[in-house]
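Report on the structure given below.
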Amino acid sequence: MSERGGPEGGLGPALGPLAALLEDPRTTDVLVNGTGAVWVDRGEGVEPAGVGLADERSARRLAVRLAALAGQRLDESCPFVDGLLPGGVRLHALLPPLVEGGPHVSLRVPRRRVPGLEDLHGWGMVDETGARVLQGVVASRSSFVVTGGTGSGKTTLLAAMLGLVSGHERIVVVEDVRELRVDHPHVVHLQGRANNVEGRGEVTLTTLVRQSLRMRPDRLVVGEVRGAEVRELLTALNTGHEGGAGTVHANTAGDVVSRFEALGALGEMSPAAVHAQLASAIQVVLHVDRSGGRLLREVAVLRSVEGGRVQCVTALEGGPGQWRTGAGWPQLCTRTGLDPCVPLGPSSPGVVGSG
């Protein structure tokens with residue numbers, strides 16, 4: 001077992017020269033390009049790893065070994081793999097001709113310790129203002145989504161917030177591939193399943209969300225909302241399952257409504273149906289990005305407007321130490337129990353300080 005606490009889970013021999021990268025507690029992603037070049041993300045963006053594989057054959061042997069450890073097959077008949085390795089490392093591998101050159105391997109590495117809100121504060125992802133808002137969102141049982149791009153810290157922020165949930169509540173997490181780790185005494189993890197080599201046996205997120213509703217969840221969480229399962233999630237959050245959460249890929253908080261429209265179309269929902277469900281299903285949107293580091297940049301609320309549509313309205317924007325209040329600030333305070341008339345820290349007019 002490594003000092004990291006075992007994310008490589010005895011994978012050392014299978015990983016070859018990549019093993020040392022996974023033992024580094026700062027590593028979040030390891031990427032192998034078809035030529036054998038290796039890149040690593042240690043929290044500050046992708047950079048050359050300083051190690052590499054000899055050639056395309058070596059990259060292919062690595063990809064096939066890791067796929068087998070994930071219990072999957074990787075060859076010309078099944079040229080891609082998305083699975084979980086022992087120790088929790090998420091594997092994605094892709095073979096030519098689906099990708100140019102040789103095989104490409106992507107490893108998403110879980111943190112050695114599940115980060116809490118104090119860790120996020122220490123890293124600068126949130127400040128006192130952000131932390132108090134996040135605590136208010138959880139305590140008020142507001143349903144929320146975390147938005148952002150790939151690698152922006154959505155899952156990290158979601159995990160830290162779920163760690164604030166009362167220990168008397170039951171959290172049911174639904175994911176395509178298990179990635180969300182939560183420091184909480186009562187968490188149930190459901191994971192989808194791909195088709196087998198005969199093309200049968202698939203279990204989709206849509207099916208798992210339906211099953212989760214029969215497991216008496218106090219909080220229903222979809223690790224990443226990206227398909228037809230959005231229909232079941234919105235329905236669940238409109239039928240008494242308060243405090244639900246998930247992550248959604250979006251460039252800004254303002255894009256979240258159109259993003260739900262697009263996802264709803266995959267679930268055969270009309271835009272009008274999406275807006276009708278969204279109006280009471282989701283209350284808060286938290287947007288993170290990685291410009292200048294992984295940071296909470298915006299907090300927004302969803303508001304019903306004329307014509308039965310839903311609009312995303314900014315409550316806070318700017319990021320740690322630079323918060324500015326927006327039109328949604330009073331609504332956010334009413335929802336979360338914060339006092340809109342009392343600054344959360346040293347501030348100038350119209351600006352909420354970092355405390």
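Please treat every number below as a calculation from the coordinates, not as lab data. If you're wondering where the values come from, they're calculated on a predicted model, not measured in any experiment. Using ideal geometry, Cβ is built from the backbone for each residue, glycine included, and neighbour counts are taken over all protein chains shown.
Summary table below
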read-out	value
Antiparallel DSSP beta bridges within the chain, percent to nearest 5	65 percent
Extended-chain gain in nm, criterion 0.36 nm per residue less alpha-carbon gap, Val305 and Val51	86.0 nm
The chain: calculated mean residue ellipticity at 222 nm from DSSP helix runs of at least 4, using -39500 (n - 2.57)	-8000 deg cm²/dmol
Least to most buried among Ser152, Ser258 (fewest other Cβ within 10 Å first)	Ser258, Ser152
The stretch 34-81: GluC sites (Glu not before Pro) in DSSP loop, at most 11 other beta carbons within 10 Å	Glu44, Glu76
Counting DSSP beta bridges with both ends in the stretch 85-242, the antiparallel % (nearest 5)	40 percent
Highest-MSF residue in the chain out of Gly71, Gly34, Gly267 [GNM, Cα springs under 10 Å]	Gly71
In nm, spacing of pseudo-spin labels at Glu242 and Ala272 (7 Å Cα→C-beta vector)	3.0 nm
Of the GluC sites (Glu not before Pro) in the stretch 235-277, those whose Cβ has at most 12 other Cβ within 10 Å and which sit in DSSP loop	Glu268
Among [x] 27.9; [y] 18.5; [z] 17.5, the entry derived from the coordinates for mean projected area of the Cα convex hull in nm²	[y]
Range in the chain, longest, excluding exposed trypsin sites (Lys or Arg not before Pro) [loop by DSSP; at most 11 other beta-carbon atoms within 10 Å]	1-199
Ascending count of other beta-carbon atoms within 10 Å, so fewest first, for Phe260, Phe80	Phe80, Phe260
Virtual spin-label span in nm between Trp123 and Ser77, 7 Å along Cα→Cβ	4.2 nm
